[in-house]
Amino acid sequence: MQSYWFGDVRGDEYIPFTGSTGENAQRIMESHTGMDRYVPVEWTRVRDQGIVRDREDYLDKLREICFFIAEYKIAQHYRGRDIELLQMVRMLDEMDEVINLLTERAVDWYRVQNPKFTRKYRSLSGKKALVIMKKSEIGAFRMIIVEIERMASARTSLMYEVSARADQILPNCSALIGGLVAARLLSRAGGLLHLASLPASSIQVIGAKTALFSHIRSGTPPPKHGIIFQHRRVHNASKERRGRVARVLAAKLAIAARIDYYRQEADPEFIQKAQDAIERAGVVQ
Amino acid sequence: MIWIDRVLVSKGEPGVYGEKTLQGFRVWDPYRSKLSALYYLGKGVELEKEMKVLYLGAANGTTVSHVADYTGCVYAVEFAPRPMQDLLAVAKRRKNVIPIMADATRPETYAPFLEEVDLVYQDVASPEQAQIAIRNSIFLKKQGILIVVLKTRSIDVTRQPEDVLADVRQEFGDAGLVVDTMTWILPYHRDHAALVCRKM
């Protein structure tokens, strides 16, 4: 017997499926076609069996079921809990870039308006600089500064949102490395399933693509860490210890990601043990 | 194929992706579509009204829309959800496009929808490109045409493109596919070769 979109074919017998479109979609998605015995269907025979009226009707009915399945699969994909988080992190990182870029440009412009302006010796963060620049006399300039500030505050609330969402979706990874960095790992890996399938050694160097390929191509020293460098225990570790901390952290993250994917809940015992192991890696004996 | 002053066009409802029109025909840009590039290089295969086409790697449906303008029906296979959303929008207004959300490496998952086709066009960037073509040739009728756009870098970046192509030719031969022509689709697309094959 062979299953086709309109029903089953057994020898010369055509048995149309009579259920709803949804049930038919389910039936087709669950059917297993053995390709060694497979023969493409001849639409004229489907017509001769009275299942469709003509070519147009054949295509109409076929398209109906294909649309149904595609729309169903797309909806399924977007329902994945990690998909929205992925977009949120990417938006966050791009907003950072945009805000920095615009602030830099605004500072350069402000220097022209006010030649004595400098950021030296006054620990003038981007934020504080914006406050000063708002005193400019050029209306358009002031409006731009206000826009940058607004974007910065939107960025801050997005950051909290990302962090909170990561705590839910990646409870174990977030416990080890913080929600934000965990979310960034997820974004680079391309999803929770992908992150959970990565070996620890890959997680260790996610985000160090340039260094990794220069190592593979021309034998420069291999990168010790990628994104996980952003975690304090890696960048605060002494230079000799950093590689080791990164390695242990990545190993534990690989396990954490798998717990996150398969069990979808925090495992306090695992987290405690992992924290201890990472702590030990940073200690100089 | 319809040419107006050496510009390849197709006849159908315009405005699919912001393409230009020429005397009411839709301009088919060789820089945006690898299949169009193949026609510009004189190595394309005439598309005809009664043809059934299997299109693997349909993406956003831009090239699909042109193929659909020329042919009887197009089975458009795409795996990724995002381009699929666009492809569905194209297919909604072109009644001869059958959108299939499936993985081209697994023909068994969409075999129930297909019939025998006259032409298989494949444009997927995957290390398994050659294998995908061979597996899908089951849907192709005898003497049917298979056009495969090979991104040689997708197969193995460390090897010379010519060596990769020679291997593919061998693999196709073993599977009963004879390579008629092989064209680098320069200057329109870099690192891409188009193989026009025939099923024996």
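The values are calculated or read from the model by the stated rules, or taken from the named source; none is laboratory data. Just so it is clear, the model here is predicted, and its values are computed rather than measured. Glycine gets a Cβ as well: all are built from the backbone with ideal geometry, and neighbour counts include every protein chain shown. When the accessible area is computed, the model is the full protein with side chains, heavy atoms only, and any ligands, DNA or RNA have been set aside. Shrake-Rupley method; radii C 1.70, N 1.55, O 1.52, S 1.80 Å.
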Output for the stretch B:61-114, where each listed residue is facing chain A (nearest Cβ under 8 Å), within 28 Å of A:MET1 (Cβ to Cβ), under 17 Å from the mean Cα position of the chain (by Cα) and of a type outside the set (Val, Ile, Thr): B:CYS73, B:PRO99, B:MET101, B:PRO107, B:LEU114
Some residue of the stretch A:169-176 being under 30 Å from A:ASP82 (Cα atoms) and of a type in the set (Ser, Thr, Tyr): yes
Failed item in (1) free of Cβ contacts under 8 Å to residues at least 40 places away in the same chain; (2) over 37 Å from the mean Cα position of the chain (by Cα); (3) in a helix (DSSP H, G or I), with A:ARG27 passing the rest: (2)
Residues being touching a helix residue (DSSP H, G or I) at 6+ places or on another chain (Cβ under 8 Å), facing chain B (nearest Cβ under 10 Å) and buried (at least 18 other Cβ atoms within 10 Å of the Cβ) - total across the stretch A:42-66: 7
Selection from the stretch A:231-262 of residues that are open to solvent by 40 Å² or more (accessible area, probe 1.4 Å) and under 19 Å from the mean Cα position of the chain (by Cα): A:ILE255, A:ARG258, A:TYR261, A:TYR262
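In the stretch B:1-59, which residue that is of a type in the set (Lys, Arg) and out of contact with any Pro (no Cβ under 6 Å at 6 or more places or on another chain) is most open to solvent (accessible area, probe 1.4 Å)?
Result: B:ARG6.
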Any hit, the stretch A:141-154, residues being assigned to a helix (DSSP H, G or I), in contact with a helix residue (DSSP H, G or I) (Cβ under 8 Å, 6 or more places away or on another chain) and closer than 22 Å to A:HIS235 by Cα: no
Filter pass, B:LEU140 being closer than 12 Å to B:LEU177 by Cβ, surrounded by 17 or more Cβ atoms within 10 Å (Cβ to Cβ) and at the interface with chain A (Cβ under 10 Å from one of its Cβ atoms): yes
